Amino acid sequence: MSRVARPRRPLPAGLLFLVLAGRAAAAQPMIFQHLSTENGLPQNSVMASLQDSQGFMWFGTEAGLGRFDGYDVTVYVRDRRAPEGLASNYIWSIAEDRNGDLWIVGRDGGVACWHRRTGRFSSIRHDPADPRSLSSDATRLLMIDSHGSVWIGTTGGGLDVLEPATGHIEHYRNDTARADSLSSDVVTALREGRDGEIWVGTDAGLNRWLAQSKSFRRYVQD
């Protein structure tokens, strides 16, 4: 992991990001400022963004992860000497759990967790010799549900559900012999509904997770 703090300076007009200013949006006009590589962002193609519980803005780019505190950008990138750090600089998705830790997926990099208490990363990867490991490093997106479980969508390895407290991972894949299995191993969307139901989008239709039977109900084009 490499971390770089940029010197503080006013944000000039740039290309990408905006910060909203003004205490009462209805009474005051919004002021837009732009954040780009000129201000320390690792790359101008932003694939994911998140405002965490402490107000920091996080940006996943094609060249690393950036944290913006309103003045400076701290950059996190892959360091081959640190196997527990980010395994990919191409960041697809970021989510925060109830402990304030961040979960990050990158292209062909599995899952990384940034621990707020230590400021360090740990990683979860696929191990061909261990069926209990991540099903695939080709991760595409993730979601943390209301119970704290981490749902991980891959592009070919199906859907994984991680329980952070134990490290246990459940795998769900398409099974052509079962109509109640995941409709495809290519997961494209994850969402928890208001009633707590989990919805999984794939490249072969929409799936609703049925918790009691640990199966799926498919919704596909007729």
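Among Leu86, Leu142, Leu50, whose mean-square fluctuation peaks in a Gaussian network model of the chain (Cα, cutoff 10 Å)?
With Cα springs under 10 Å in the chain, the top fluctuation among Leu86, Leu142, Leu50 is at Leu50.
Find the centroid of the Cα atoms in the range 203-222 and in the range 29-96, then give the distance between the two in whole Å.
Comparing the Cα centres of the range 203-222 and the range 29-96, I get a distance of 34 Å.
Just the number please: accessible area per residue for the chain, 1.4 Å probe, all protein chains included, in Å².
Heavy-atom SASA per residue in the chain reads 56 Å².
Mind pulling up the Rg/Rh value for the range 70-127? Radius of gyration and Kirkwood radius, both on Cα.
0.96
Sequence gap at least 6, Cα distance under 8 Å: using those rules, report the relative contact order of the chain to the nearest whole percent.
10 percent
What part of the accessible area of the chain, given as a whole %, is carbon or sulfur when the probe is 1.4 angstrom?
48 percent
Quick one: work out Rg over Rh on the C-alpha atoms of the chain, Rh as Kirkwood radius.
1.01
Taking 0.36 nm per residue of sequence separation and subtracting the Cα-Cα distance, how much length would be gained by fully extending the chain between Ala211 and Met30, in nm to one decimal?
60.8 nm
The values are calculated or read from the model by the stated rules, or taken from the named source; none is laboratory data. From a predicted model like this one, the values you see are computed outputs, not experimental measurements. Note: accessible area is taken over every heavy atom of the protein model, side chains too, but ligands, DNA and RNA are not part of it. Shrake-Rupley method; radii C 1.70, N 1.55, O 1.52, S 1.80 Å.
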